[in-house]
1. Looking at (1) in contact with a strand residue (DSSP E or B) (Cβ under 9 Å, 6 or more places away or on another chain); (2) part of a helix (DSSP H, G or I); (3) not aromatic (Phe, Trp, Tyr), which is the one condition that is false for Val68?
2. Quick one: how many residues across the range 35-74 are at negative phi, surrounded by 12 or more Cβ atoms within 10 Å (Cβ to Cβ) and not basic (Lys, Arg)?
3. Can you list the helices (runs of 4 or more DSSP H) lying wholly within the range 1-55 that have 3 or more residues being at pLDDT 95 or above?
4. Of the residues Val68, Val50, which single one is hydrophobic (A, V, I, L, M, F, W, C), farther than 21 Å from Thr12 by Cα and touching a Pro at 6+ places or on another chain (Cβ under 8 Å)?
5. Go through the range 65-108 and give me each residue that's under 17 Å from Asn28 (Cβ atoms) and of a type in the set (Asp, Glu).
6. Could you go through the range 74-81 and let me know if any residue there is in contact with a Ser or Thr (Cβ under 7 Å, 6 or more places away or on another chain), part of a loop (DSSP other than H, G, I, E, B) and hydroxyl-bearing (Ser, Thr, Tyr).
7. Would you please list the contacts, defined by Cβ atoms under 7 Å and residues six or more apart or on different chains, that run from a residue in the range 23-38 that is without any contact (Cβ under 8 Å) to a residue 24 or more places away in the chain to a residue that is in a helix (DSSP H, G or I)?
Amino acid sequence: MHEEISRCPVETTLGMIGEKWKVLILFNLLNGTMRFGEIKRALDGISQKVLTHHLRAMEEDGILSRKVYAEVPPRVEYSLTPTGMTLKPIIDTMALWGIEYLAGRNNK
């Protein structure tokens, strides 16, 4: 968890999900459980190191859960926790705004 949580609710939210990759990870996990490789393929341009860092931070913050299966090779799946699912309306609103913005730009 972050060492210091802001008293400003917007700052708190941005601290948890404000980075570009975190929002895109959330957006993809809204569709359901994904394996590491699936997430990496869905996020064009993210490095393995950065993805690992963000997944660990989001797990620590209680936004997503990580399940490791005792198989060879090991299988790891990520899914949103109930807390992570509460971010769905925010991500959906961001997606809708982006769609409307792009449509407006294309009509100019």
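The values are calculated or read from the model by the stated rules, or taken from the named source; none is laboratory data. Just so we're clear, the structure is a prediction, and the values are computed from it rather than from any experiment. Using ideal geometry, Cβ is built from the backbone for each residue, glycine included, and neighbour counts are taken over all protein chains shown.
1. Condition not satisfied by Val68: (2).
2. The first filter runs over the range 35-74 and keeps only residues at negative phi, leaving 35-44, 46-61, 63-74.
The next check asks that each one be surrounded by 12 or more Cβ atoms within 10 Å (Cβ to Cβ); those that pass are 35-36, 38-43, 46, 50-59, 61, 63-66.
Narrowing the set further to residues that are not basic (Lys, Arg) leaves 36, 38-39, 42-43, 46, 50-55, 57-59, 61, 63-65.
Result for the range 35-74: 19.
3. On the way: elements: 9-17, 20-29, 36-42.
Fully inside the range 1-55 and qualifying: 20-29, 36-42.
4. On the way: Val50 fails: touching a Pro at 6+ places or on another chain (Cβ under 8 Å).
Unique residue meeting the criteria: Val68.
5. Answer for the range 65-108, where residues must be under 17 Å from Asn28 (Cβ atoms) and of a type in the set (Asp, Glu): Glu77, Asp92.
6. yes
7. Qualifying pairs under 7 Å: Asn28/Ile39; Asn28/Ala42.
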